[in-house]
Amino acid sequence: MTVTRSLTALLTLGAAVALAAQTPQPPPPQPPSTQQPEAITTTITGPPGLPPKIAVPDFIALSTDAETVAAAKAMSQTLWDDLNFEREFYLIPRDTYRSIPQATSADQVALDRWKELGADGVVIGTIRKGPSGYVVEVRLLQVSGGRVAFGKQYSGSLNSLKDGGRVYAHTASDEIHQSQRGLRGVARTKLLFSSDRDGTRMKGPVGDREIANIYRSDYDGANQTRITYTASIDITPIWAPDGSQIAYTSWRSGYPDIIVQSMTTGSVPQKPAKGSPEVQNYLPAWSPDGTKIAFMSSRDGNQEIYYMNRDGSGLRRVTNHPSIDVTPTWSPTGQQIAFVSDRTGRPQIYVVNIDGTGLNKITNEVACDRPTWSPAPFNEIAYTSQSGGGHDIRVYEFATGQTRTITDGNGSNESPAFAPNGRHIAFSSDRSGVEQIYIIDRDGKNLRQMTKAGRNRYPNWSQ
């Protein structure tokens, strides 16, 4: 959205919201414990210039109970999907495995048959149920020679298969990517977004309004879970870098304010910006070290950018201009903030040092909004750019001063958020008719829709 569109929407929503209560959420599931990997001396490679071909057959169920057998099949599909997501390997389609007999143990694998299929590596997984929990072993074998390129054993409680064993597959995928490609995978990361899917509405002086709450999902859109329970509007959620808290904009007190909420305890959500009907606060952004929160506020009579310590102390004003300054995002170093201002007549993206010096305008377009700074090592800002009758996601590269368009002009595409490895961008789009959350690779390929129920906006990716 443009600055004018964003603020009009925010202020209109604020007039319609009533006070509501917050229901504490239980802590998220914990990852399985792991043993140290075997010494890695082998890297799976493919033909020159091509990625290695990897097969992921069904995991071997070493226990015969129905839950273990079902999890063995589900985990292998999840791991296939996770490994395929980063495009570092060519994942051989699983429907081509039928001619190869399934191994009965991790030590009895028909490598010659996998070689015939063209595989460079094959992932063999086993799962067994013990008296106190499950043990999962994952090996990546080099097809030519049979050497172990990756080997890890994971253990979890008897409740660890509630999600079909996805947490085991996600963990194995991230560790395979790290050991084989030196890449930080995102399979264990989470998405936050705002949704009105519950269908409830509220009365207000400007008419009926839909209620929006905060939701969380796995990186691939699975396990969508409601996080806030208010008869209000909760939007623009953002993860703290350590994942222990989230911050978002809420009208639960009748005016927009910043809420900080624990994701690990049932503690009462806090309002560190100390808003009021006269002091309205929006759009929080955590600093990279998690000690500070930048936000926009009307506390001095005009919308400006501020930051504070996470407990609300140490308030500092960053911008000071008669025009409106909105939507802050921190640089990876924590020494700069990018934001949007219409001080030159059209909303554009600016970068400024956190002490207010060194102001620099980096865009010159019809209208820009919602910048988000990429993580290291990329030095880029993704943002919403007005294009024709809608908006596209564009990326500004500091090294060259050039921009590239990521989305294809289909629908209106807004609110980009980088994955923690900088290789993917989540955003909202109405290309399907109603705003939903999508993910796209940073090169504009592999568009995926993450949500379908209700209207979903303002995605944010965990670290």
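Every read-out reported here was derived from the displayed coordinates using simple, explicitly stated rules and does not represent laboratory data. Model, not experiment: these values are computed from the prediction. Ideal geometry is used to build each Cβ from the backbone, glycine not excepted, and the neighbour counts take in all protein chains shown.
Before moving on, here are some points about what is shown:
- Residue among V326, Y438, G422 farthest towards the positive dipole end of the chain, charges placed on Cβ: V326
- Summed residue charge, Cβ within 14 Å of G312's Cβ, Lys/Arg positive, Asp/Glu negative: +4
- Cα-derived Rg over Rh, computed across region 322-456 with Rh taken as Kirkwood radius: 0.96
- Lys, Arg +1 and Asp, Glu -1 on Cβ, resulting dipole of the chain about Cα centre, debye, nearest 20: 300 debye
- Aspartates and glutamates whose Cα lies under 15 Å from that of K361, excluding same-chain neighbours fewer than 8 positions away: D325, D342, D369, E380, E397
- Cα-Cα pairs of region 33-181 separated by more than 29 Å (percent): 10 percent
- For region 289-437, a simple Cβ point-charge model (Lys and Arg +1, Asp and Glu -1, everything else neutral) yields a dipole of about 220 debye relative to the Cα centre.
- Of I381, S160, V351, farthest towards positive along the dipole that unit charges on Lys, Arg, Asp, Glu beta carbons give the chain: S160
- Size of charge dipole - region 33-181 - debye, nearest 20, with Cβ of Lys, Arg +1 and Asp, Glu -1, no other charges: 120 debye
- Dipole of the chain, positive direction: furthest Cα of T407, T291, T230, with charges on the beta-carbon: T230
- Among the trypsin sites (Lys or Arg not before Pro) within region 62-109, those in coil by DSSP and having at most 13 neighbouring Cβ atoms inside 10 Å are R98.
- If you take all other residues with their beta carbon under 9 Å from the beta carbon of R181, and give Lys and Arg +1 and Asp and Glu -1, the sum is -2.
- Non-local lysine pairs in region 33-181, meaning eight or more places apart or on different chains, with alpha-carbon distances under 26 Å, amount to 11.
- Summed side-chain charge close to Q270 - residues other than Q270 whose Cβ falls under 12 Å, Lys, Arg +1, Asp, Glu -1: +1
- Förster radius 51 Å - calculated FRET efficiency between T400 and R98, Cβ distance, rounded to 0.05: 0.55
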